[in-house]
């Protein structure tokens, strides 16, 4: 096997078995932080050791190598004597390989990543690591930070997990974490989607697996919302590399079968409370776009009603920004008071400046609108979106619509 072949073999193993292996190693050692480090090290070692051929039992090879690394680290911490019962033989590892249940293990590791001892900013990062084994470099690209910054964040989160003494309890014992699980998936998906990372599709699959095995109003609503969004993935970027508005997208590129399935699921959603109801309102907005034959015939009354519901639930600045952006996208007027409030609350958010540019353009101040767009370009961190804003700036008759 070539080095490239070894790379592909390890990548396939990580993609399919990471969560199962990690769950097994955490059970083996009782240490979330050491288990994740040992598994990553074992995969790195496989890259250099499998140059000739893949071992007969590759999953067992990785698991055994990681276990040995764990034992060495536990010895180093002078804790091995208390854990000698953890030592297993090669034969037992290979015998247990077939018992790894990928779907359940992914769900369980997702629940573990959303432990209440972790902050909300850490959960999406650990979900990507614990469930999919994504590298620090890849997660950093998705969240638009340096590798060193992301490495520090992940290290802090794993240390917090170790100090909290995470136990591998069943997710069914902790239904109260479902909202946090939904939030973590939502944040991780948004980062992957805007970065055009292939893990976005994996997160959609994970979400459906989670909602299917652990039904909950928030997970069910998020599954609809993200499925409708993901169904537009092939139409969101133009031939010139810029992010397209819904009005600009070629709807023949939308994945109709996925939308149809998601719309069927949408009709089964019941009114709820809290975060689940927020997600249902956003799913309503996505559903309105999905069923519209074109942007001119979008049911904006239904969308406005959904935004009214969001305002009743919390009236957050981001919800109001979404509403203003929707009005801009439809060419409808925006109240100056609403824009000024958003600029006070979210002064450095580039999409607020885009909405402000739309307001100035509707008032006839094209020069002021262009100035705001230039500032928005400076603040925007997403390449595709910056490209779209440059296009908007170059078009003197631009409406200021945000991209989706």
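The values are calculated or read from the model by the stated rules, or taken from the named source; none is laboratory data. Keep in mind the model is a prediction, meaning the values are calculated, not measured. All Cβ positions, glycine included, derive from the backbone under ideal geometry; neighbour counts span all protein chains shown.
Residue-by-condition table, conditions (1) exposed (fewer than 15 other Cβ atoms within 10 Å of the Cβ); (2) modelled with pLDDT of 90 or more:
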site: 129; (1), (2): no, yes
site: 137; (1), (2): yes, yes
site: 148; (1), (2): yes, yes
site: 171; (1), (2): no, no
site: 178; (1), (2): no, yes
site: 184; (1), (2): no, yes
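Going by the structure shown, is residue 287 assigned to a helix (DSSP H, G or I) and touching a helix residue (DSSP H, G or I) at 6+ places or on another chain (Cβ under 6 Å)? Give the derivation first.
Working: assigned to a helix (DSSP H, G or I): yes; touching a helix residue (DSSP H, G or I) at 6+ places or on another chain (Cβ under 6 Å): yes.
It is true that residue 287 is assigned to a helix (DSSP H, G or I) and touching a helix residue (DSSP H, G or I) at 6+ places or on another chain (Cβ under 6 Å).
Within region 268-284, which residues are outside any helix (DSSP H, G or I) and buried (at least 16 other Cβ atoms within 10 Å of the Cβ)? Reasoning before the result, please.
Our first condition is that a residue be outside any helix (DSSP H, G or I); within region 268-284, this holds for 268-273.
Once the filter is applied, which keeps residues that are outside any helix (DSSP H, G or I) and buried (at least 16 other Cβ atoms within 10 Å of the Cβ), region 268-284 yields 269, 272.
Can you confirm whether region 86-101 contains a residue that is farther than 21 Å from residue 159 by Cβ, in a helix (DSSP H, G or I), in contact with a helix residue (DSSP H, G or I) (Cβ under 9 Å, 6 or more places away or on another chain) and at pLDDT 80 or above?
No: region 86-101 contains no residue that is farther than 21 Å from residue 159 by Cβ, in a helix (DSSP H, G or I), in contact with a helix residue (DSSP H, G or I) (Cβ under 9 Å, 6 or more places away or on another chain) and at pLDDT 80 or above.
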